[in-house]
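The values are calculated or read from the model by the stated rules, or taken from the named source; none is laboratory data. Note that the coordinates shown come from a computational prediction; the quantities given were computed from them, not determined experimentally. Quick reminder, even Gly has a Cβ in these numbers, built from the backbone with ideal geometry, and neighbours come from all protein chains shown. To get the accessible areas, we keep the full protein, side chains included, count just its heavy atoms, and leave off ligands, DNA and RNA. Shrake-Rupley method; radii C 1.70, N 1.55, O 1.52, S 1.80 Å.
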Amino acid sequence: MAGEPQADCLFCKIVAGDVPATVVRETDTTLAFRDINPQAPTHVLVIPKAHHRDAASLGAEAPQLAADMLREAGAVAAEEGIDVVEGGPGTGYRVVFNTGTGAGQTVFHAHAHVLGGRGLNWPPG
């Protein structure tokens, strides 16, 4: 059932504290932690604490939670010094949601990758 913790979900286990993670931010509804296989100098995952399979499911089932995740992605970027503020040092950042195995989703719990700290060329991959 959407929103309920899944026993076989890595990210649900991280939320429960059963699997360690390097947490950088936490709110009532979200958790942000460093990716164990970083693809940029800053690579933080922002996840909803409630289980939703992917970004599309999250948006349909819990749009306010999706908004919470985007707000937290911006807060992570600010804390990491990669946000763009007039006159500030940040170079910008990318927020990526992979949905489905063909797009690279390997953990089926909605999550946003916050990437920055180097030039990010487009298109990716």
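The table below lists the values:
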item	result
Nearest-20 debye value, the chain charge dipole, Cβ charges on Lys, Arg, Asp, Glu	280 debye
Long-range amide H partners of residue 30 with built H, under 5 Å	49
Karplus-derived 3J(HN,Hα), 6.51/-1.76/1.60, for each residue of the range 99-109, Hz, glycine and proline x	10, x, 4, x, 9, x, 6, 10, 10, 8, 9
Helix 63-80 vs. the chain, principal-axis angle (Cα, 0 to 90°, nearest 10)	40 degrees
Solvent-accessible area, 1.4 Å probe, carbon plus sulfur percent, for the chain	53 percent
1.4 Å probe accessible area per residue over the chain, in Å²	56 Å²
(1) 24, 15, 14; (2) 36, 20, 13; (3) 25, 19, 14, with the label sought being that of the calculated semi-axes √(5λ) of the Cα gyration tensor in Å	(1)
Phi-based couplings in Hz for the range 112-124 (Karplus 6.51, -1.76, 1.60; Gly and Pro marked x)	10, 8, 9, 10, x, x, 7, x, 10, 6, 10, x, x
